[in-house]
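The values are calculated or read from the model by the stated rules, or taken from the named source; none is laboratory data. Quick caveat: nothing in here was measured; it's all calculated off a predicted structure. Note that we place each Cβ from the backbone using ideal geometry, even for glycine, and neighbour counts take in every protein chain shown.
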Amino acid sequence: MVNEKAWYDSKTIWGALLAVAASIAGSLGLSIDGGAQQDLAEALVQLTGAAGALLAVYGRFTAVDLIN
């Protein structure tokens, strides 16, 4: 079985998305420093993990058929 992580579990992807957002914010006159970007990326990775876990729990409680 191949162990592949989902794209949203990657801090690199979130960091890149935040860098793009920071560039856009900078062009609008707002400033976001690198430390804040890193902290935000880590928080987003944790939030997506928590959302995935909640979705799995919800799916388990609402499941009608058993998986064999």
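How about the range 16-32: which of its residues are assigned to a loop (DSSP other than H, G, I, E, B) and touching a helix residue (DSSP H, G or I) at 6+ places or on another chain (Cβ under 9 Å)?
Hits for the range 16-32 are Leu30, Ser31, Ile32.
When both residues are 6+ apart or on different chains and their Cβ atoms are under 7 Å apart, which pairs have a first residue that lies in the range 14-25 and is surrounded by fewer than 18 Cβ atoms within 10 Å (Cβ to Cβ), and a second that is outside any helix (DSSP H, G or I) and modelled with pLDDT under 80?
Partner pairs satisfying both residue conditions: Ala25/Ile32.
Being loosely packed, with under 13 Cβ neighbours inside 10 Å and either at pLDDT below 80 or hydroxyl-bearing (Ser, Thr, Tyr) (or both) is true for just one of Val57, Val64, Val2. Which residue is that? Steps first, please.
Details: Val57 fails: either at pLDDT below 80 or hydroxyl-bearing (Ser, Thr, Tyr) (or both); Val64 fails: either at pLDDT below 80 or hydroxyl-bearing (Ser, Thr, Tyr) (or both).
The unique qualifying residue is Val2.
Exactly one of these conditions fails for Ala41: (1) out of contact with any Leu (no Cβ under 8 Å at 6 or more places or on another chain); (2) assigned to a helix (DSSP H, G or I). Give me its number.
The single condition Ala41 does not satisfy is (1).
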